[in-house]
Every structure is written in C-alpha cells, then in structure tokens.
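Heads up, the thing below is written out as structure tokens.
Derivation of every value follows stated rules applied to the coordinates shown; laboratory data play no part. Since this is a predicted model, take the numbers as computed values, not measurements. Counting neighbours? That spans all protein chains shown, and the Cβs are built from the backbone with ideal geometry, glycine included.
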Amino acid sequence: MGTYGHDLDYLAEKNVGFVELVSNDGQARVLLVPAFQGRVMTSTAGGLKGASYGWINYKAIADGFANPRFNPFGGEERFWIGPEGGPFSWYFKPGAEQVYANWDVPAFIDSEQFEVESSSESEAVFIKETVLKNASGVEFNIGVRRVVKLLERSESEKVLGIELPTGVRPVAYSTANTIKNLGAKSWTKETGMPSVWLLGMYPPTPSTVVFIPYNQEFEGKVVKDDYFGKVPADRLVVKDGFVYFRIDGKYRAKIGLPSGSAKDLCGSFDPKAGVLNILKYTVPQGDNDYVNSQWGPQENHFGGDVINSYNDGPTETGVVMGPFYEIETSSPGAALDPGESLTHTQFTFHLEGDIDSLAPVAKEVFGADLGVVRTLFNQ
C-alpha cells in the first residue's frame with residue numbers, strides 16, 4: 001500500500017476500468033477512471049513501485065455506487081461544477097433548506113460515466129452532456145470536454161519556466177476542462193452561472209505544509225479562514241506574500257483566497273518524504289465573478305474563492321472522513337451565450353528530490369523559501 005502499482009492492481013481487482021498515461025521512460029504514470037468522470041485517481045514519478053500521490057478511498061470503491069447522494073471515491077483531481085451553495089447551487093433542490101440532510105451531488109459528476117472520445121499513451125479526452133436545474137429552478141444544458149495530458153520532463157520545464165535539477169524526478173500532467181452552453185438561453189448573473197471546480201485529494205502527513213502566494217497589493221481580506229470556525233495561528237500563517245497552512249489530517253479546517261488576492265500558483269511540501277507539489281492554473285485577467293459556494297443565504301453570490309485548501313480531521317461527532325487534504329481551484333462563473341464555452345486549465349507537478357534539489361525550484365517558481373516552509377510550524 002502506498003505504491004502506484006498497488007493502486008493500479010486494486011482498481012483492476014475491483015473491475016474499475018481505467019486509462020493509463022505513461023511517459024517515454026515508463027516512470028511517470030497517470031491513472032484515469034472514465035466511470036468517475038475522467039478523474040485522475042493517482043500518479044507516480046517512479047513507475048509501478050513508486051509513491052502513489054492521490055488519496056484513494058478503498059472502501060468506497062469496494063462498495064461501488066452504493067450511495068445515491070455522493071460516492072467519495074477520492075482521487076487527486078476530479079471534475080465538479082460550482083457553486084455548491086446559495087440560490088444558484090447545483091447540490092440542493094429548489095426550496096430545500098441548505099443543510100447536509102438535503103445535500104445531493106448531481107449524478108453526472110458522481111455516478112455517471114464520461115465517454116472516452118480518444119486516448120493514447122500521453123493523452124485522454126473525455127466528454128459528457130447533461131441537463132441540470134439549479135436551486136432557483138433554472139435549467140441548464142451543459143456540455144463538458146475534459147482533456148488530460150501527461151507532460152514529459154521538457155514540457156514540464158517549459159510550463160514552469162525553469163530547468164529542473166538533475167536530482168529531481170517529476171510526474172506532471174495538465175487538464176483542460178471546458179463547459180459549453182448547449183441551450184437556447186444565455187447564462188447570466190440573473191440565472192446563475194456554472195463554474196469549473198477541480199478538487200484534488202492527497203494523503204496528509206505530519207510534516208506537510210500548503211503554501212499559496214497572494215497579491216500583496218490586494219486591499220481586501222487576503223484569506224477566508226472561518227469555514228469551520230477560525231483557523232488557529234498554529235495552523236495558519238499569512239506573511240511576506242504567502243499563506244501557509246499546516247496539513248496533518250488531524251484538525252478539520254478550510255481556507256480560500258478570493259479574486260484579486262489569489263495568483264495562479266499553489267504549492268505543498270513534505271520535507272520528510274522529499275516531495276514538492278505544484279499546481280498552476282488559469283486565472284483570467286481583469287475583474288472576474290467567482291461563484292459563492294457558501295450554503296444558505298448569501299450577501300454576494302459572486303464573491304467566491306479562486307483557490308481553496310482543506311485539512312481533514314474529526315468532525316463534531318469525532319468521525320474522520322479520510323484523513324486527506326484537498327487543494328481546489330475554480331474558474332470564474334461562465335457568462336455564456338448559446339454555443340459559447342469556457343475552459344479552465346490546470347497543471348499538476350509532483351517533484352521528488354532532496355531539499356537541496358527542490359529548494360531552487362520553489363525559489364524560481366514561487367519566490368518561496370523551503371527552509372521557511374519546513375520550519376514554520378516547528379515540526
């Protein structure tokens with residue numbers, strides 16, 4: 001357990017069909033599941049015996065599609081749509097109180113398979129069409145196209161704008177996630193606007209820290225830190241252009257950066273495992289309307305977050321869902337006329353190496369000091 005080969009064998013044993021992307025040297029691998037909406041279940045930089053980076057819920061996979069409301073299979077990047085709450089939510093029926101008892105994930109992003117339009121050793125394309133009604137009772141005809149591409153080392157270097165040190169072993173992939181208005185009416189602020197919402201789930205460790213650069217010229221609140229009560233200072237630090245978030249799977253907390261504060265990068269670092277993770281994603285220039293996923297009444301329906309991170313831990317009843325941690329990114333709300341489309345692109349990099357090899361990468365890409373990241377929470 002913990003290796004890529006184990007997870008591949010497990011999916012095969014449970015008859016979960018998959019598409020595998022494999023690098024030219026056979027070391028970098030990405031595992032995709034069409035039945036789970038073209039989800040990236042996991043990846044590795046070290047072949048079948050290498051570390052498996054995605055958090056996988058083995059019990060849920062063994063149970064199959066047992067829950068009509070939500071099947072938490074895990075995976076390091078899944079496709080959803082926002083917003084989760086408010087008058088334009090996709091997860092609550094019109095008129096329903098927005099509490100957990102009424103929360104219901106649309107089948108098309110939970111239990112319905114995406115069609116494989118094409119696949120090769122380096123790329124897979126998934127498509128889906130659906131009709132959804134939001135919490136205001138407005139119906140949407142939506143087309144989805146999701147392209148997952150494995151990046152060779154040279155391609156990763158081009159995207160990051162650096163040359164990776166010889167001591168760094170990477171696995172990297174991009175996803176281009178397109179939603180299209182297939183209906184006859186425009187999507188507007190009055191009707192509600194869907195957004196692309198990508199959620200990645202990873203195993204936590206006592207030494208992992210998520211670090212997110214922010215715009216120091218932003219005049220509003222840099223980070224929302226009160227989703228489940230205010231995050232204490234020994235778990236969240238905001239200073240010198242970075243938000244640092246402690247990840248150990250022992251304290252349930254979530255943070256988010258709004259438009260204007262967020263840049264197009266996020267990192268996480270586990271010094272004990274020697275792994276630097278980088279997410280790079282599209283943030284359109286100018287003013288953007290990001291959907292608000294807060295449940296229940298809202299003051300601003302389009303004042304939502306660009307990027308979020310979640311640390312799992314005991315709920316009020318003491319139950320732990322994983323543990324896992326999440327990094328989530330979103331597109332702006334899609335203000336689309338009939339036939340128009342919006343694409344949200346994300347790049348994921350897992351880089352293995354010692355701190356001497358990884359530190360210059362973090363410095364060049366983020367301007368971040370891994371020495372600070374490593375010692376900030378006195379782990």
Subject >> Relative contact order computed over the stretch 26-158 (Cα-Cα under 8 Å; 6+ residues apart), in percent >> reply: 21
Original post:
Which of the peptides 161-170, 340-349, 108-117 is most tightly packed, and how do the rest follow, going by the mean number of other Cβ atoms within 10 Å of each residue?
Top reply: 340-349, 108-117, 161-170
Subject >> Rule-of-thumb Rg ratio for the stretch 4-375 [Cα; 2.2 N^0.38 Å; N residues] >> reply: 0.94
Original post:
In debye, nearest 20: dipole of the chain around its Cα centre with unit charges on the Cβ of K, R (+) and D, E (-)?
Top reply: 420
Subject >> Kirkwood Rh in Å, taken over the stretch 20-71 so that all alpha-carbon pairs contribute >> reply: 12.2
Original post:
So what's the gap between the Cα centers of the stretch 80-122 and the stretch 1-63, to the nearest angstrom?
Top reply: 23
Subject >> Mean separation of Cα contacts under 8 Å, 6 or more apart, over the residue count of the stretch 4-375: relative contact order % >> reply: 18
**OP:** Check the straight Cα-Cα distances from Lys59 and name the lysines below 23 Å, setting aside those fewer than 8 residues away within the same chain.
**Re:** Lys14, Lys49, Lys250
Subject >> Gaussian network model of the chain, Cα within-10 Å springs - most flexible of Leu160, Leu265, Leu351 >> reply: Leu160
Original post:
Between Asp289, Asp63, Asp354, which gets the highest mean-square fluctuation from a Gaussian network model of the chain, Cα cutoff 10 Å?
Top reply: Asp63
Subject >> Pairwise label distance in nanometres, Ala184 with Lys363, each label 7 Å out on the Cα-Cβ vector >> reply: 6.2
**OP:** Would you mind calculating the gained length between Thr166 and Leu376 on full extension (0.36 nm times residue separation, minus the Cα-Cα distance), in nm to one decimal?
**Re:** 72.8 nm
**OP:** Kindly rank 206-216, 128-138 from highest to lowest mean number of other beta carbons found within 10 Å of each residue.
**Re:** 206-216, 128-138
**OP:** Please express the shape of the stretch 1-97 as an equivalent ellipsoid: the semi-axes are the square roots of 5 times the eigenvalues of the C-alpha gyration tensor, given largest first in whole angstrom.
**Re:** 30, 15, 10
Original post:
Any idea how far apart Ser136 and Glu123 come out in nm if each label point goes 7 Å out from Cα toward Cβ?
Top reply: 3.7
Original post:
What percent do you get for the relative contact order of the stretch 250-379 when only Cα pairs under 8 Å and 6+ apart count?
Top reply: 29
Subject >> Rg ratio (alpha-carbon, reference 2.2 N^0.38 Å) - the stretch 23-153 >> reply: 1.20
Original post:
Near Lys185, which lysines are there with a Cα under 20 Å away, not counting those fewer than 8 places off in the same chain?
Top reply: Lys128, Lys133
**OP:** Give the peptides 184-196, 72-84 in descending order of average Cβ contacts within 10 Å, highest first.
**Re:** 72-84, 184-196
